[in-house]
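The values are calculated or read from the model by the stated rules, or taken from the named source; none is laboratory data. None of these values were measured; they are calculated from a predicted model. Cβ placement follows ideal geometry from the backbone for every residue including glycine, while neighbour counts extend to all protein chains displayed.
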Amino acid sequence: MNIIVCVKQVPDTTEIRINPETGTLIRDGVPSILNPDDANALEEALKIKDKDPESKITVITMGPPQAKEMLQECLAMGADDGILLSDRALGGSDTWATSNAMAAGIKKIGNYDIIFSGRQAIDGDTAQVGPQIAEKLDIPQVTYVADYENTKEGIVVKRALEDGYEILKLQTPCLLTAIKELNEPRYMSIRGILRAAKQEIKVWGADDIGVDKTVVGLKASPTNVFRSFTPKPKGAGVSIDGDTPREKAEHLMHGLKEKHII
Amino acid sequence: MTNFADYKNIWVYAEQRNGKLMNVALELIGEACRLAGEIGEGTEVCTLLVGNDIEDLAQECFDYGADKAYMIEDPLLEKYNTDGYTKVIVDAVREHKPSIILLGATHIGRDLAPRVAARLDTGLTADCTHLNISVKHYIEYAEANTTLNTSTIDSEDPDKGLKMTRPAFGGNLMATIVCKNTRPQMSTVRPGVMDKREKVEGSKGKIVNLKPVLSKDDLRVEILKVVKSAKELVSLTDAEIICSGGRGLGDATGFELIREFADTVGGVVGSSRAAVDAGWIDHSHQVGQTGTTVKPKIYFACGISGAIQHLAGMQTSDIIIAINKDSECPMMKLADYAIEGDLNKVIPEIISLWDAE
């Protein structure tokens, strides 16, 4: 099976702090990591390869040159090939423009059975690029994949819903977006790290993937950031008074209702 | 180039499951009514109902403020499927040209919206928590809730584009997104943030039946089974409400009360490290630096004093409610609502009041 895994390098948002004086994000010293859901996407591909060693896994990302490091990590985990789409012409792309570039890159790789991606990246949390790549490639998708099985009749997946789940069947080629319930991502192995160190990451620009430059980058993006800002710092809380536990509970419920919290 | 004058009205994708409208659909109708008022010019609020045998849902949409209901019904649309729903919605949008489309940011909305937007080659903003049309109102919102310097925005700007505000970087940053050059402007909106209108039974509205052009071959994903089970997939990170217990519970049986509390409020059980170390509850429930980082809408901290490692894992929760005997502990200082008292007495009272709602 030929598998493509779409990944993204993201800042570790749990390490981001706000400068209380300026109200801006402190990004200095915040480590860049492989997006957590994407690690689940890669793991599922690796599990397929564990069973069927003939499978080939190509990891693809779009980003600045330093995203190479993350691709090296993916190779060290067991992926066969790493491709970085990197070009000034691609910079500032929103999800639509990103999916145009990614779809072009994937078409250049060609001959794939399954594309895995993470459900969403922790920096933007949009969950849009996976489905939009599937649309641009005109292949079926399943999002929020919590379980995967390859059967004689096709691929059978469990899709998580807020109030339960669905069992769905589809044929390749298709795109699946992974959630963390899907599996437990493995660590890099020493052998993998040594192997990855010798491997070259391919870097493709806009011309290499033959993408129409009017559908990628900041200018082509249908959505633009109008303003960005930080929320107001949290004000002081209130102490709930009352003579009895009942009264306190009543005052709490009243406060929550008044503020439309419940 | 898109001729903007052709694009009118606000559409709300009224998500239904098993013939029942999702709450977020009604919230979005309420929000769409507010936005339509800001746009003026006879802007209508239209709901888009997709499914099979769902005619009766239109009246519910009218009762909550919709002017019109576009109905797309077909046996192939009985259950949500990406391919079928995308096709019929894109066809409807191309024919009727709404200016704005709002969808709930549910698992289904977030599957459908990107696909529809990509096929229409228009912009989509995910998981919005605030929407504006008028620049003046946007400035008012920003000044009341954010650190944004609004002096560079012209309050007289007549722009009537949709300003879509959403959190990013785990809620540390907010961004307002605009979609200037393409139509429709699309947005998924987080459930629970917009206000429903008061229900006015028997409200009048216009039903427009659209004939879907769909065949079985269009559907590339087969639904083998749909299982309803609230519990199985609920995890701390996705939970909207978390009821956490700590050392103040006294012993392992304290978690029985916390579990009952969580069941009542529709939440998930969390814990402090102290309670895990004491062997009262499994590590999988632990919130904090060495446990899970959470950001629910409501975090109940019951008998948790608030060690720095615990706070690091939950302090960005929207609302923190602390119940503790010690009013001076860090958690009570951090909390939006601090209740000093015996949790064994206070929690049962909250449970009974919540039940009565």
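Across region A:217-262, the qualifying residues are those that are at pLDDT 90 or above and among the basic types (Lys, Arg), and the one among them that is surrounded by the most Cβ atoms within 10 Å (Cβ to Cβ) is A:LYS248.
If B:THR106 satisfies every condition in (1) under 17 Å from B:THR47 (Cβ atoms); (2) in a helix (DSSP H, G or I); (3) at the interface with chain A (Cβ under 10 Å from one of its Cβ atoms) but one, which is the exception? Evaluating B:THR106 over (1) under 17 Å from B:THR47 (Cβ atoms); (2) in a helix (DSSP H, G or I); (3) at the interface with chain A (Cβ under 10 Å from one of its Cβ atoms) leaves (2) as the failure.
A:GLY29 - would you say it is farther than 30 Å from A:LYS152 by Cα, surrounded by fewer than 18 Cβ atoms within 10 Å (Cβ to Cβ) and in contact (Cβ under 8 Å) with a residue 60 or more places away in the chain?
Values: farther than 30 Å from A:LYS152 by Cα: yes; surrounded by fewer than 18 Cβ atoms within 10 Å (Cβ to Cβ): yes; in contact (Cβ under 8 Å) with a residue 60 or more places away in the chain: no.
Against the criterion (farther than 30 Å from A:LYS152 by Cα, surrounded by fewer than 18 Cβ atoms within 10 Å (Cβ to Cβ) and in contact (Cβ under 8 Å) with a residue 60 or more places away in the chain), A:GLY29 does not qualify.
Scanning region B:303-333 for residues that are surrounded by fewer than 19 Cβ atoms within 10 Å (Cβ to Cβ), within 12 Å of chain A (Cβ to nearest Cβ) and among the hydrophobic types (A, V, I, L, M, F, W, C) yields a single hit, B:ALA312. B:ASN344 falls short on exactly one of the conditions (1) within 12 Å of another protein chain (Cβ to nearest Cβ); (2) within 27 Å of B:ARG190 (Cα to Cα), and that condition is (2).
Can you name the strands (runs of 3 or more DSSP E) wholly within region B:288-357 that have at least 2 residues being closer than 19 Å to B:GLU240 by Cβ and modelled with pLDDT of 95 or more?
Numbers: elements: B:298-302, B:319-324, B:337-340.
In region B:288-357, the matching strands (runs of 3 or more DSSP E) lie at B:298-302, B:319-324.
Every condition in (1) modelled with pLDDT of 95 or more; (2) over 25 Å from B:GLY123 (Cα atoms); (3) within 21 Å of the chain's Cα centre (by Cα); (4) at the interface with another protein chain (Cβ under 8 Å from one of its Cβ atoms) holds for A:ILE167 except the one numbered (3).
When the residues of region B:46-95 are filtered to those that are basic (Lys, Arg) and not in a strand (DSSP E or B), the one that is nearest to B:LYS206 (Cα to Cα) is B:ARG94. A single member of B:ALA275, B:ALA262 is crowded, with 22+ Cβ neighbours inside 10 Å, within 23 Å of B:VAL346 (Cα to Cα) and free of Cβ contacts under 8 Å to residues at least 24 places away in the same chain, and it is B:ALA262. Residues of region A:153-189 that are β-branched (Val, Ile, Thr) and surrounded by fewer than 21 Cβ atoms within 10 Å (Cβ to Cβ): A:VAL156, A:ILE167, A:THR172.
Going through (1) facing another protein chain (nearest Cβ under 10 Å); (2) modelled with pLDDT of 95 or more one by one, A:LYS108 falls short only on (1).
Does any residue of region B:2-16 turn out to be modelled with pLDDT under 95, outside any strand (DSSP E or B) and within 14 Å of chain A (Cβ to nearest Cβ)? Looking for residues that are modelled with pLDDT under 95, outside any strand (DSSP E or B) and within 14 Å of chain A (Cβ to nearest Cβ), one finds at least one in region B:2-16, hence yes. In this structure, B:GLY267 does not qualify as at positive phi and either outside the structural domain of B:THR47 (by TED's automatic domain parsing) or at pLDDT below 95 (or both). Among the criteria (1) surrounded by fewer than 18 Cβ atoms within 10 Å (Cβ to Cβ); (2) within 14 Å of chain B (Cβ to nearest Cβ); (3) among the polar types (S, T, N, Q), the one A:THR13 does not fulfil is (1). For region A:210-262, taking the residues that are in contact (Cβ under 8 Å) with a residue 40 or more places away in the chain and among the polar types (S, T, N, Q), the one that is farthest from the other protein chains (Cβ to nearest Cβ) is identified as A:SER221. Restricting attention to region B:138-191, the residues being within 7 Å of chain A (Cβ to nearest Cβ) and of a type in the set (D, E, K, R) number 2. In this structure, is A:ALA236 within 30 Å of B:ILE321 (Cβ to Cβ) and assigned to a strand (DSSP E or B)? No: the conditions fail for A:ALA236.
Screening region B:172-224 for strands (runs of 3 or more DSSP E) wholly inside it with 3 or more residues that are over 30 Å from A:LEU25 (Cβ atoms) returns the ranges B:206-210.
Name every residue in region A:38-73 that is assigned to a helix (DSSP H, G or I) and among the aliphatic types (A, V, I, L, M), in order of residue number. So that I can check it myself, show each step before the final result.
Kept after step one, since they are assigned to a helix (DSSP H, G or I), are these residues of region A:38-73: A:38-51, A:65-73.
Answer for region A:38-73, where residues must be assigned to a helix (DSSP H, G or I) and among the aliphatic types (A, V, I, L, M): A:ALA39, A:ALA41, A:LEU42, A:ALA45, A:LEU46, A:ILE48, A:ALA67, A:MET70, A:LEU71.
Close Cβ contacts (under 9 Å, 6 or more residues apart or on different chains) running from residues in region A:58-75 that are outside the structural domain of A:ILE193 (by TED's automatic domain parsing) and in contact (Cβ under 8 Å) with a residue 40 or more places away in the chain to residues that are of a type outside the set (Phe, Trp, Tyr) and surrounded by fewer than 22 Cβ atoms within 10 Å (Cβ to Cβ) are absent. Please verify whether B:LYS204 is in contact (Cβ under 8 Å) with a residue 12 or more places away in the chain and loosely packed, with under 15 Cβ neighbours inside 10 Å, treating the condition exactly as stated. Yes.
The number of residues in region B:278-302 being touching a residue at least 12 places away in the same chain (Cβ under 8 Å), away from chain A (no Cβ under 14 Å) and over 25 Å from A:ARG17 (Cβ atoms) comes to 5.
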